[in-house]
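The values are calculated or read from the model by the stated rules, or taken from the named source; none is laboratory data. From a predicted model like this one, the values you see are computed outputs, not experimental measurements. FYI the Cβ positions are ideal-geometry reconstructions off the backbone, even for glycines, and counts take in every protein chain you see.
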Amino acid sequence: MSKKTADGLTPVNGSTTAGGATTADDFSKVRLGWREWVALPELGIGLIKAKVDTGARTSCLHTFRTEPYTENGERRVKFWVHPTQNDLQEVIECDARVLDERNVSDSGGHKELRLVVETNLVVGDQSWPIEMTLTNRDSMRFRMLIGRTAMAGWATVFPEASYLAGQPVLRNES
């Protein structure tokens, strides 16, 4: 039997020793439920609700408009985001370096060529760089998906819970 943590959740696969004890590594990773509030501060997005999706390899962000361009020989993209579901009035204009273009299959099996950007993801009091594709998610409930590649080594997922990490903690870098 594995040891339960203070909030009554049991660590998941690979997070207990052969004897069932919780390992120290379990507590260094951020604990995620199936949905979380996150921030993408480099893009100017202070708060966005994301679905934690271990079935998705790559993370993605809803953009309703993209404008790729080149500046000083570097591929970049301007894109616009409605960070809050059902609120088309709030618009955030973002700008990022294009890392790649990839064919991605959506949950319906449809392939789409998407731009890939890299940015820091803030979850609770943790922050780390992730790759993220840009696509129109107007018909979806969540403006962002956090895929398994972005979580690898950083997070433990508890699918029966929501909002375990709390609000993202944004730090002023001076």
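Quick one: in the stretch 156-173, which of the residues that are surrounded by fewer than 16 Cβ atoms within 10 Å (Cβ to Cβ) and closer than 15 Å to W128 by Cα is farthest from the chain's Cα centre (by Cα)?
Across the stretch 156-173, the extreme among qualifying residues is E173.
Can you pull out every residue in the stretch 117-127 that is in contact with a strand residue (DSSP E or B) (Cβ under 6 Å, 6 or more places away or on another chain), surrounded by fewer than 18 Cβ atoms within 10 Å (Cβ to Cβ) and not polar (S, T, N, Q)?
Result: E118, single match.
What strands (runs of 3 or more DSSP E) completely inside the stretch 43-133 contain at least 1 residues that are closer than 30 Å to S28 by Cβ and hydrophobic (A, V, I, L, M, F, W, C)?
Because the criterion is at least 1 residues that are closer than 30 Å to S28 by Cβ and hydrophobic (A, V, I, L, M, F, W, C), the strands (runs of 3 or more DSSP E) in the stretch 43-133 that meet it are 45-53, 59-62, 92-105, 111-123.
Taking the options V122, V98, V104, V52, name whichever one is among the β-branched types (V, I, T), within 14 Å of L134 (Cα to Cα) and modelled with pLDDT of 95 or more.
When all the criteria are applied, what remains is V98.
Could you give every pair whose Cβ atoms fall below 7 Å, whose first residue belongs to the stretch 37-60 and is within 13 Å of C94 (Cα to Cα), and whose second residue is polar (S, T, N, Q), counting only separations of at least 6 or pairs across chains?
So the pair list comes out as L40/T119; P41/N120; E42/T119; E42/N120; L43/T119.
Run down D100, D87 and say which single residue is closer than 14 Å to I45 by Cβ, of a type in the set (D, E) and either without any contact (Cβ under 8 Å) to a residue 40 or more places away in the chain or touching a helix residue (DSSP H, G or I) at 6+ places or on another chain (Cβ under 9 Å) (or both).
Sole residue among the options that is closer than 14 Å to I45 by Cβ, of a type in the set (D, E) and either without any contact (Cβ under 8 Å) to a residue 40 or more places away in the chain or touching a helix residue (DSSP H, G or I) at 6+ places or on another chain (Cβ under 9 Å) (or both): D87.
Just checking, how many residues over the stretch 77-93 are out of contact with any Pro (no Cβ under 7 Å at 6 or more places or on another chain) and surrounded by fewer than 16 Cβ atoms within 10 Å (Cβ to Cβ)?
Here the count works out to 10.
Could you check, for the stretch 128-140, whether at least one of its residues is over 22 Å from T84 (Cα atoms) and of a type in the set (G, A, S)?
No, there is no match, as no residue in the stretch 128-140 is over 22 Å from T84 (Cα atoms) and of a type in the set (G, A, S).
Give just the number: which of (1) within 20 Å of G166 (Cα to Cα); (2) out of contact with any Asp or Glu (no Cβ under 7 Å at 6 or more places or on another chain); (3) surrounded by fewer than 15 Cβ atoms within 10 Å (Cβ to Cβ); (4) of a type in the set (S, T, Y) does Y69 not satisfy?
(1)
With respect to G124, determine if the residue is within 17 Å of the chain's Cα centre (by Cα) and on the phi > 0 side of the Ramachandran plot.
So G124 fits the description; yes.
Kindly list the number of the only condition in (1) farther than 22 Å from F142 by Cα; (2) in contact with a Lys or Arg (Cβ under 8 Å, 6 or more places away or on another chain); (3) modelled with pLDDT under 95; (4) charged (D, E, K, R) that fails for D25.
(2)
Just for the stretch 107-116: of the residues that are within 18 Å of the chain's Cα centre (by Cα) and either of a type in the set (V, I, T) or exposed (fewer than 13 other Cβ atoms within 10 Å of the Cβ) (or both), which one is modelled with the lowest pLDDT?
In this case the residue turns out to be S107.
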